[in-house]
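For reference, the structure is listed below as structure tokens.
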Amino acid sequence: MTRRQLAVLAAGSATTGLLALTTKASAQTPLVAPDYLQAARDSKRAAAAELAAFPLDTATEPAFQFKA
Amino acid sequence: MTDEIFYSPLTGLNERLRKREFSAVELTRAFAERLGKYGPRFNAVALPLTEIALRRAKEVDDDLKHDRFHGPLQGISFGAKDMLSFAGHPTTWGARPFASQVFDETATVLQKLDKAGSVLLAKLSMVELAGGGGYRLAGASLFGPGLNPWNPERWSGGSSSGPASAVAAGLVPFALGSETSGSIISPSACCGVTGLRPTYGLVSRHGAMPLSWTMDKIGTLCRNVEDCGIVLQAIAGSDSKDPGSAGKSFYYTPQYARKLSDMTLGFSPDDPDWADAESRPALEAALRTARDLGAKVLEVSLPEFPWGSLTDIIIGTEGGAAFESLIASGKVDELADPSQAAGLKANLGVLAKDYLRAMRIRSLVKQKFRELFTTVDVLVAPSRYNVAPKVSEPLDGPDPFPSGKAKGPGMTSLIPAGNLAGLPALSVPCGFGGGLPLALQFVGPAFSENSLLAFGREFQARTDWHLRRPPLSF
């Protein structure tokens, strides 16, 4: 993890979604940037791919059950 | 009344109310005037409730006059993050699309504090939608950027921005905030206040803005550890209106707390290497103090998981569902930070299989933490590894310290990891870097709040960082 990622993780709540975005913004000025949505989608895809690569076997399944 | 009351601990204020040194009305009016004077300087206030507060304080005075005592919070005013509903008044969630939103029911935690005799003085500002879409600007709020009382060119942290700056500046005796992943611990650290994130399910979220049903928690921001324990006792407890409620109460019992000498504190020697140059000396000294509190100490490592991706998928998916109608209406584009809108829209595209996989991995996270807590009782680490960022710079800007020499990750992922596992955390001020506050966090197993408070209490008995006050002279 880079310090940049660390700073984003520490910002509070869900600030992890835009790590792929590298455009530097001037603060407090809403940016009309069409690539925001694409960057956000790319970030979600990257996160899902990282989770897909994480080893997971069925032995964990009993821990994720619906309880009546 | 002198300025000293604005930084008095809760028990001190309550004792003086009981002795009739001043009335609840006088105390409420004093805080209201201070909040009115300084609150706007930090963009801390969402909605002043002065008239209602004064009426409530008058009722409290009547109770005190007739010796009807309701505990240590009676007559004490407080602020609440604007994600908590207060019947008949706007609850904006910090976001323009909800600027005129009004609920007809009051959040359970506010009802509990009312019953304890506390006086709600104001709703306090927050990052829009608690940052649920992923924000990159300090100004991602209906109320503007949260400004830090120690230096208004710096951010107050988020998403509980107003609660942190208001407590730090002595504008309210305590405040309620919320955390999904970092929103109490981070602003508490930035502003130099003591913050407590309770175990998931210990405090009802009924009446609170839902962002992530499996990760949202309501907690406290206070002057010191003792105050956090007192407020948590008042707001914790079972609530049938919150399906996530653990059905447990909390009793702040310092007299029965385990001795520190009977406990083991886990730490990582890699942590100081993650701090920037101006923060490192203070954090190293604070970690030494923590290791000398009297507990046994043990070097440990956090389990390795893809923390960022787990929180991104889980909070993102649940947040996308929670705000589906906002996104569908198009009003999501009214948010102050366009990356929030983009993030929320992208959240709706996450596949169910990916969310379920994240939740399955989360089961392993809980298991690994259970194993870790068989070797240590509490973990200690920096709450943040640097001071509050500049308001003028994006939060996800370029890495300012690219030449790190850390051998391992240390506890750098303790905020997302602890939140994913539902663990409690206590952040205590621990020094300064470049004139801005730094903090340590203590994290323990679920429902170990009294152990965390014991460590925090001892830390604050040996240091005075929590007693420092911002100058407010700019």
(Q) Using a 1.4 Å probe on the protein heavy atoms only, what accessible surface does B:VAL350 show? Give it in Å² to the nearest 10. (A) 30
Q: Positive end of the charge dipole of the range B:60-178 (Lys, Arg +1 and Asp, Glu -1 on Cβ, about the Cα centre): tell me which of B:GLY139, B:GLY71, B:LEU129 has its Cα farthest that way.
A: B:GLY139
(Q) Let me cross-check A:ASP35: its accessible surface, 1.4 Å probe, with only protein heavy atoms counted, in Å² to the nearest 10? (A) 70
**Q.** B:GLU4 paired with B:ASP67, simple spin-label distance in nm, labels 7 Å along Cα-to-beta-carbon
**A.** 2.9
Q: Take the alpha-carbon centre of the range B:169-187, take the same for the range B:407-452, and report the distance between them in whole Å.
A: 14
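Mind ranking B:GLU105, B:GLU15, B:GLU128 by accessible surface for me, highest first, 1.4 Å probe? Spell out each step's value before the answer.
Details: B:GLU105 75, B:GLU15 95, B:GLU128 0 Å².
Reading off the accessible areas and sorting them downward yields B:GLU15, B:GLU105, B:GLU128.
Rounded to the nearest 0.05, what FRET efficiency do B:PHE22 and B:ARG469 give with R0 = 22 Å and r taken as the Cβ-Cβ distance? Could you check?
My answer for the efficiency is 0.60.
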Q: On the full set of protein chains, 1.4 Å probe, figure out the accessible area of B:HIS70 and give it in Å² to the nearest 10.
A: 90
**Q.** At least 50 Å² of accessible area lost relative to the chain alone, listed for the range B:273-314 with a 1.4 Å probe
**A.** B:TRP274, B:PRO306, B:SER309, B:ASP312
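Which pairs break 19 Å Cα to Cα here: A:LYS44/B:LYS353; B:LYS19/B:LYS58; B:LYS81/B:LYS248? Walk me through the intermediate numbers first.
Details: A:LYS44/B:LYS353 13 Å; B:LYS19/B:LYS58 16 Å; B:LYS81/B:LYS248 24 Å.
As for pairs spanning more than 19 Å Cα to Cα, those are B:LYS81/B:LYS248.
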Q) Where the centroid of each part is defined by its Cα atoms, how far is the range B:99-161 from the range B:356-392 in Å? A) 24
Q. Of all the accessible heavy-atom surface of the protein assembly as shown, with the other protein chains kept in place and a 1.4 Å probe, what percent is carbon and sulfur?
A. 52
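Taking 0.36 nm per residue of separation and subtracting the Cα-Cα distance, what length does fully extending B:LYS296 through B:SER261 add? Kindly include the intermediate steps, with their values, before the conclusion.
Working: separation 35, 0.36 × 35 = 12.60 nm, distance 0.65 nm.
Taking B:LYS296 through B:SER261 to full extension adds about 11.9 nm, to one decimal.
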Q.
Using the Karplus curve 6.51 cos²θ - 1.76 cosθ + 1.60 with θ = phi - 60°, what ³J(HN,Hα) values do you get for each residue of the range B:420-430, in whole Hz, with x for Gly and Pro?
A. 4, 8, x, 7, x, 8, 10, 9, 10, x, 9
Q: Using a 1.4 angstrom probe, figure out how much accessible area chain B has per residue, in square angstrom, rounded to the nearest whole.
A: 34
Q: Starting at the first residue of the range B:77-90, write each ³J(HN,Hα) from the Karplus equation 6.51 cos²θ - 1.76 cosθ + 1.60 with θ = phi - 60°, in whole Hz, x for Gly and Pro.
A: 7, 7, x, 10, 3, 6, 9, 9, 6, 10, 3, x, 10, x
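Sequence gap at least 6, Cα distance under 8 Å: using those rules, report the relative contact order of the range B:307-357 to the nearest whole percent.
Values: 28 pairs, mean separation 25.7, N = 51.
About 50 percent, as a whole number.
Can you pull out the buried accessible area for chains A and B, both sides counted, probe 1.4 Å, rounded to the nearest 100 Å²?
Numbers: alone 6330 and 18260 Å², together 19980 Å².
That pair hides around 4600 Å² of surface in total.
The values are calculated or read from the model by the stated rules, or taken from the named source; none is laboratory data. Everything quoted here is computed from the prediction, not taken from an experiment. Neighbour counts are summed over all protein chains in view; Cβ atoms, including those assigned to glycine, are modelled from backbone coordinates with ideal geometry. Note: areas computed on protein heavy atoms with side chains; ligands, DNA, RNA excluded. Shrake-Rupley method; radii C 1.70, N 1.55, O 1.52, S 1.80 Å.
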